[in-house]
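K.L.:
The structure's right below; bear with me while I get my questions together.
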Amino acid sequence: MKKTALHAIHTSLNAKMVPFAGFEMPIQYEGIMAEHERVRSAAGLFDVSHMGEFWVAGPEAETFVDYATVNNVASLSKGQVQYSCMCLEDGGIVDDLLVYKFADRFLLVVNASNIVKDWEHLSRLAKDFDVTLNNASDEISLLALQGPRSKDTLNKLTAANLDSLDFYHFGIADVDGMAMIVSRTGYTGELGYELYHDPKDAVQLWQAIMKAGEEFGIGPVGLGARDTLRLEMKYCLYGNDIDETTSPLEARIGWAVDLDHNDFCGKDALLAQKEAGIDRFLVAFKMKERGLPRNKYEIFNADQKVGVVTSGGHSPTLKQGIGLAYINKPYQKIGTELQLDIRGKRLNIEIIKPPFVNTKK
């Protein structure tokens with residue numbers, strides 16, 4: 001079991017540690033509800049150093065990344081970040097990821113549970129391109145500072161102009177005297193930053209951020225609240241909401257797919273799926289009765305099974321059960337009322353327009 005550079009700090013804070021993607025990670029400190037609400041109202045600090053990072057360089061780096069991902073990489077400017085997916089030839093999702101464009105190379109940030117699979121997939125595709133790949137996952141630590149007071153906190157530690165850093169953009173800046181990538185991104189729906197840094201600086205950076213954010217009510221946040229926060233935004237979780245059996249079009253992240261740009265892996269399959277018509281869609285729903293939806297719970301229209309839950313649970317913000325589910329056409333429409341089977345009991349749900357919570361990124 002791997003440990004991040006902040007493992008000792010997590011244990012000193014009495015975090016509940018659990019195995020996750022080959023790492024021992026903090027699931028919660030004070031409690032999921034309190035940590036969730038702290039991010040929505042103030043600021044929270046996450047250790048997400050388990051994420052994977054791959055560098056792509058070489059004469060054909062842009063052409064390669066453009067082929068390996070479904071979005072239009074050529075449209076990126078230096079310092080811009082792009083959400084995208086990697087697909088198999090049949091359109092199934094290998095992983096969702098972030099693409100960072102530097103002046104002379106790209107950084108791909110992938111899910112921790114998919115590092116090995118993603119590396120093998122990219123290495124296979126790279127054989128036809130003049131590129132160099134470097135798996136830097138063990139050489140980079142990552143902290144996510146998220147919440148309405150995240151900028152106030154970070155401003156105390158850097159001379160960089162954070163007001164000039166637009167959403168989904170990044171730069172190189174000194175934070176508490178340490179050089180790192182400062183990215184205006186996150187997985188919570190709130191204003192926030194992701195800080196890519198040398199693992200040897202992780203402890204100093206964590207302590208500096210916690211001290212700077214003390215007056216704003218900052219606190220450590222575990223993976224439990226990270227999951228409830230992303231669910232309220234309808235952000236997909238790989239392995240639950242998307243995987244190799246789902247396409248970006250079915251998952252309704254088609255906004256991250258540019259079918260008009262150059263050839264990419266899986267393009268023909270996605271074009272064929274779009275032309276033939278999509279039979280199911282990933283939708284957001286809320287409980288109309290007391291109950292908690294969970295992964296793999298079935299959804300019905302009368303006696304007809306029409307869908308299955310992929311993610312679900314209690315929304316700390318809305319104080320009710322919410323979930324994501326693949327629903328067969330035509331029952332995916334907003335306002336449709338269906339029934340969720342919870343251990344043999346049918347409870348009413350309603351398809352809604354996401355996100356569940358409106359925030360200011």
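K.L.:
Between a first residue in segment 63-87 that is in contact (Cβ under 8 Å) with a residue 40 or more places away in the chain and among the charged types (D, E, K, R) and a second residue that is surrounded by 16 or more Cβ atoms within 10 Å (Cβ to Cβ) and in a loop (DSSP other than H, G, I, E, B), which pairs have beta carbons less than 8 Å apart while being 6 or more apart in sequence or on different chains?
P.N.:
Here the result reads D66/N72; D66/F264, each pair linking segment 63-87 to a residue that is surrounded by 16 or more Cβ atoms within 10 Å (Cβ to Cβ) and in a loop (DSSP other than H, G, I, E, B).
K.L.:
If a residue must be of a type in the set (A, V, I, L, M, F, W, C) and part of a loop (DSSP other than H, G, I, E, B), how many such residues does segment 227-244 contain? Can you show your working first?
P.N.:
Initial filter on segment 227-244 (of a type in the set (A, V, I, L, M, F, W, C)): 229, 231, 233, 236-237, 242.
Checking the rest, the ones that are also part of a loop (DSSP other than H, G, I, E, B) come to 233, 236-237.
Residues in segment 227-244 being of a type in the set (A, V, I, L, M, F, W, C) and part of a loop (DSSP other than H, G, I, E, B): 3 in total.
K.L.:
Working only within segment 318-350, note down all residues that are assigned to a loop (DSSP other than H, G, I, E, B) and surrounded by fewer than 16 Cβ atoms within 10 Å (Cβ to Cβ). Walk me through how you get there before you give the answer.
P.N.:
Of segment 318-350, the ones assigned to a loop (DSSP other than H, G, I, E, B) are 318-319, 329-336, 343-344.
Those that are assigned to a loop (DSSP other than H, G, I, E, B) and surrounded by fewer than 16 Cβ atoms within 10 Å (Cβ to Cβ): L318, K319, K329, P330, K333, I334, G335, R343, G344.
K.L.:
If you don't mind, another one. Would you please name the residue that is nearest to T310 (Cα to Cα), looking only at residues in segment 254-287 that are out of contact with any Leu (no Cβ under 8 Å at 6 or more places or on another chain) and part of a loop (DSSP other than H, G, I, E, B)?
P.N.:
D279
K.L.:
Name the single residue, out of those in segment 137-149 being small (G, A, S) and not in a helix (DSSP H, G or I), that is surrounded by the fewest Cβ atoms within 10 Å (Cβ to Cβ).
P.N.:
Applying the first criterion (small (G, A, S)) to segment 137-149 yields 137, 141, 144, 147.
Subset that is not in a helix (DSSP H, G or I): 141, 144, 147.
Values: S141: 26, A144: 24, G147: 29.
Across segment 137-149, the extreme among qualifying residues is A144.
Let's see how each residue does on (1) surrounded by fewer than 21 Cβ atoms within 10 Å (Cβ to Cβ); (2) in a loop (DSSP other than H, G, I, E, B); (3) modelled with pLDDT under 95:
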site	(1), (2), (3)
K151	yes, no, no
D166	yes, yes, no
D174	yes, no, no
Y187	yes, yes, no
Y196	no, no, no
K200	yes, no, no
I209	no, no, no
E215	yes, no, no
A225	no, no, no
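Per-residue answers, yes or no, for (1) at pLDDT 95 or above; (2) within 18 Å of the chain's Cα centre (by Cα); (3) over 23 Å from H261 (Cα atoms):
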{"residue": "E37", "(1), (2), (3)": "yes, no, yes"}
{"residue": "V56", "(1), (2), (3)": "yes, no, no"}
{"residue": "Y83", "(1), (2), (3)": "yes, yes, no"}
{"residue": "N135", "(1), (2), (3)": "yes, no, yes"}
{"residue": "D138", "(1), (2), (3)": "yes, no, yes"}
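K.L.:
Further question: Taking into account only those residues within segment 153-164 that are in a helix (DSSP H, G or I) and among the hydroxyl-bearing types (S, T, Y), which is surrounded by the most Cβ atoms within 10 Å (Cβ to Cβ)?
P.N.:
Applying the first criterion (in a helix (DSSP H, G or I)) to segment 153-164 yields 153-155, 162-164.
Those left that are additionally among the hydroxyl-bearing types (S, T, Y): 153, 164.
Values: T153: 25, S164: 8.
Ranking the candidates gives T153 first.
K.L.:
Quick check on my filter: what residues within segment 88-136 are over 13 Å from A57 (Cβ atoms), among the charged types (D, E, K, R) and either buried (at least 18 other Cβ atoms within 10 Å of the Cβ) or in contact (Cβ under 8 Å) with a residue 40 or more places away in the chain (or both)?
P.N.:
E89, D90, D95, D96, D118
K.L.:
For segment 34-82, which residues satisfy the criterion of being among the charged types (D, E, K, R), part of a helix (DSSP H, G or I) and farther than 20 Å from E120 by Cα?
P.N.:
Residues satisfying the conditions are E35, E37, R38, R40.
The values are calculated or read from the model by the stated rules, or taken from the named source; none is laboratory data. In this text the structure is predicted, and so the values were computed from the model without any measurement. For neighbour counting, all protein chains shown are included, and Cβ atoms are generated from backbone atoms with ideal geometry for every residue, glycine included.
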